[in-house]
Amino acid sequence: MDISAPLVAGLLVALLAIFTVIRAVRIVPQARARNVERLGRYHKTLTPGLNLVIPYIDRVHPQIDLREQVVSFKPQPVITEDNLVVEIDTVLYFQVTDPRAAFYEIASFLQAVEQLTVTTLRNVVGSMDLEKTLTSRDTINSQLRGVLDEATGKWGLRVNRVEIKAIDPPQSIKEAMQKQMRAERDKRAAILGAEGQRQSQILTAEGDKQAAVLRAEGNRTAAILEAEGQSRAIDEVFQAIHRNDPDPKLLAYQYLQALPQLAQGQGNNFWVIPSEITTALQGVSKAFSESLPPSPATRAKPAADDEAAAKPADDTAEAAQAAAEAVADAAEADRRPRGL
């Protein structure tokens, strides 16, 4: 019994020593911090690595995460300037920069940040209408970040970014917005259709204009070419007539040949034989009864043509008879009923 009592006491002392050593050694992970109180008063903040404290005198508090943290708050109802209630879902990015202030300056910094975010959000959105709220997310984010960063600085926190994840207007507003969007799409479609039709009509008109111009130019060119052709033809005939040196007798014979054609006109109900026919017949008779003067066409031939000299006098009578028949045919064509 005397031996076992000292042994038990030694074992208890050894166990107490081991426990004391364990309580004296504190290992802090990277990007973590722990506050130490000595006799109820803040003493120091343990940094990452191996740290020694006095057992039973120093009190080590739980770890504080120094990394950037992301907190998503549940949607909060917010009233806009035009008295519409919208649900706004926010995401907060913050980081603990002073473990001592984060532990001693505020009881729960996470809850404090959430409530401050909701309050600031209501103040900011309350000064905007619904349309401006939906289109001014960057403005709301910057204002929230400025207010939160200034308020949480004394709590040992730094707000890096505030993002609005969703803005949900009432269901009636959603339906009205959908109708407005459909109306805008229909309007754009109608405008695009009208623009397309307008461009089509403009292009069609331009094409018709160019076609008309080209047709007019073609007609003008054709008329010019036709006039030039007629002019050349008249000039050739004129030159040929002057080269052959015609006399009044030949012209009178040509006049007699044209009389039947004049009599065949549809507008002629009766035909009067002109007084010039007698003169023309006399000229023709005289032409065949007398010798023809030499012309440029006949000057190239031999002057002494035996056959022309030996031509019988009956040719003159035949020519006069042909002229008389032409006059008789013209008169008969004039007396014949039209349409037969």
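Quick notes on this structure:
- The 3J(HN,Hα) values that the Karplus relation (6.51, -1.76, 1.60; θ = phi - 60°) gives for the range 192-209 are, in residue order, 5, x, 5, 5, x, 5, 4, 4, 5, 5, 4, 5, 5, 4, 4, x, 4, 4 Hz. Gly and Pro appear as x.
- Inter-centroid distance (Cα atoms) of the range 69-109 relative to the range 225-239, Å: 103 Å
- Counting charges near A222 (Lys, Arg +1; Asp, Glu -1) among other residues having Cβ under 12 Å from its Cβ returns a value of -1.
- Over the range 33-92, the hull volume per residue, using the convex hull of the C-alpha atoms, is 137 Å³.
- Compactness of the range 44-148, expressed as Rg and Dmax over alpha-carbon positions, Å: 18.9, 62
- Spread over its residues, the convex hull of the C-alpha atoms of the range 77-226 is 155 Å³ per residue.
Where a number appears in this text, it was derived from the coordinates with a stated rule and is not lab data. Please read these numbers as outputs of a predicted model, since none were measured by experiment. Using ideal geometry, Cβ is built from the backbone for each residue, glycine included, and neighbour counts are taken over all protein chains shown.
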